[in-house]
1. Out of all the residues in the stretch 11-20, is one or more open to solvent by 80 Å² or more (accessible area, probe 1.4 Å), at pLDDT below 80 and assigned to a helix (DSSP H, G or I)?
2. Determine the pairs where a residue that is without any contact (Cβ under 8 Å) to a residue 40 or more places away in the chain and of a type in the set (D, E, K, R), located within the stretch 20-46, has a partner that is assigned to a loop (DSSP other than H, G, I, E, B) and open to solvent by less than 70 Å² (accessible area, probe 1.4 Å) with Cβ atoms under 7 Å apart, the partner being 6 or more residues away or on another chain.
3. So is LEU39 buried (at least 16 other Cβ atoms within 10 Å of the Cβ) and either of a type in the set (A, V, I, L, M) or modelled with pLDDT under 90 (or both) or not?
4. For the subset of the stretch 21-34 comprising residues that are part of a helix (DSSP H, G or I) and of a type in the set (Val, Ile, Thr), which member is most open to solvent (accessible area, probe 1.4 Å)?
5. So is VAL37 part of a loop (DSSP other than H, G, I, E, B) and touching a Lys or Arg at 6+ places or on another chain (Cβ under 6 Å) or not?
Amino acid sequence: MMDIRQTRKALGLTQEKMAAMMCVNPRTIRRYEAGEVALTKGRAELLRLKIEAMQAHIRLGVDETIERAT
């Protein structure tokens, strides 16, 4: 299972931006990071896909799209 805090920090995202990206409340991100709740398989897959999309945008030089989407 992925480490949400480590992943978020590696991407340079705040808890609020990661929450928006995953379509959850920022409190949910805090709870994931604190280990209060487990990341579901569905949410983990959503996060993986969104990260891949972010990385593709960055490689293509359209990182401003990411800012507008979050």
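1. no
2. Pairs that qualify, where the first residue is without any contact (Cβ under 8 Å) to a residue 40 or more places away in the chain and of a type in the set (D, E, K, R) and the partner is assigned to a loop (DSSP other than H, G, I, E, B) and open to solvent by less than 70 Å² (accessible area, probe 1.4 Å), are ARG31/VAL37.
3. Yes.
4. Top of the filtered list is THR28.
5. yes
The values are calculated or read from the model by the stated rules, or taken from the named source; none is laboratory data. All of these numbers come straight from a predicted model, not from anything done at the bench. Please note: Cβ atoms are built from the backbone with ideal geometry, for glycine as well, and neighbour counts cover all protein chains shown. With ligands, DNA and RNA removed, areas are computed over all heavy atoms of the protein, side chains included. Shrake-Rupley method; radii C 1.70, N 1.55, O 1.52, S 1.80 Å.
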